[in-house]
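One structure below.
The values are calculated or read from the model by the stated rules, or taken from the named source; none is laboratory data. Computed from a predicted model, the values in this text were never measured in an experiment. Here the Cβ positions follow ideal geometry from the backbone for every residue, glycine too, while neighbour counts run over all protein chains shown. Heavy atoms of the whole protein, side chains included, go into the accessibility calculation; ligands, DNA and RNA do not. Shrake-Rupley method; radii C 1.70, N 1.55, O 1.52, S 1.80 Å.
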Amino acid sequence: MAKQTGIIKLKGTIGGISFYKTSDGHLAREKGGVDANRIANDPAFQRTRENGSEFGRAGKGGKVLRNAIRVLLQNAKDKRVVSRLTKDLLAIVKTDTTNERGLRTLQDGNLSLLESFEFNLNGKLGATLFAAFTKAFDRVSGDATLNIAAFSPTVRVAAPTGTTHFKVVMGASELDFENETSTFENDETAILPYSAADTAPIALTASLTANSTLPIVQVLGVEFYQEVNGQMYELKNGAYNALAVVIVDTP
């Protein structure tokens, strides 16, 4: 693909060249490709159809997860999170040893590979929160828990410039990839001062369905704020908030 330069930026197709806008700027590429009907029916494209089916399954799975945790994700994501998540989920689909190629699924793959996935590369949890924490999911009760001992925020949290306050958030979701549905519960601290004084111990709980037969994903995040005239504002519109997967539990 080529990058458009100059004052006038084009959109559409001219002379077999497609002009379009992306997050990387205005681009251009030659229009082409194999006829869709041939891809759908020609035996020579069997592998292509199989790959497309599994890619689609990974894409739908990513949407299920993103929709499930949307209340937290809207405050902590980068512009490539959709493509990064789809890539990782496609790798999980390919670990399915139960179904044939083209029919492999997320639920039969190794979902534990999703653990430690960072939703915002501009503010990774692993480079933001340095306080030790314990997390657990009890499938019998359905309780997802997270505990952090008292800590000094300025020592244990790497905050962006301008931070005056922060909070810790946690959420857990049951994911039904087959039916493209989910349930979600979350918990969070109050907005805490970003200072040297120790916080109180933190204990967060999210309660899901007891004895669930679905995969569970638990996420942990940190959100940053700036106080102005007594009002709290998300720092830089949440650009440096962190959110990552800390538990993947399968039945």
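Just a few scattered comments:
- Given their separation in residues at 0.36 nm each and the Cα-Cα distance between them, Thr161 and Asp198 gain 11.3 nm when the chain is fully extended.
- Peptides 116-123, 233-240 ranked from most to least packed by the mean count of surrounding Cβ atoms within 10 Å: 116-123, 233-240.
- Asp176 versus Lys135: modelled label distance in nm, points set 7 Å from Cα along the beta carbon direction: 2.4 nm
- Accessible surface of region 181-249 [probe 1.4 Å, protein heavy atoms]: carbon and sulfur percent: 48 percent
- Extension reserve of the Thr250-Asp78 stretch, reckoned as 0.36 nm per residue once the Cα distance is removed: 59.2 nm
- Efficiency of FRET between Leu113 and Thr209 - r from beta-carbon atoms, R0 25 angstrom, step 0.05: 0.55
- Fraction of accessible area attributable to carbon and sulfur, region 58-100 (%, probe 1.4 Å): 48 percent
- Computed over protein heavy atoms with a 1.4 Å probe, the accessible surface of region 209-251 works out to 45 Å² per residue.
- In terms of distances greater than 31 angstrom between alpha carbons, the cross-link table entries Lys94/Lys167; Lys63/Lys236; Lys63/Lys135; Lys21/Lys135 yield Lys94/Lys167; Lys21/Lys135.
- Residues Glu234 and Arg70, FRET efficiency given R0 of 22 Å [Cβ-Cβ distance, rounded to 0.05]: 0.85
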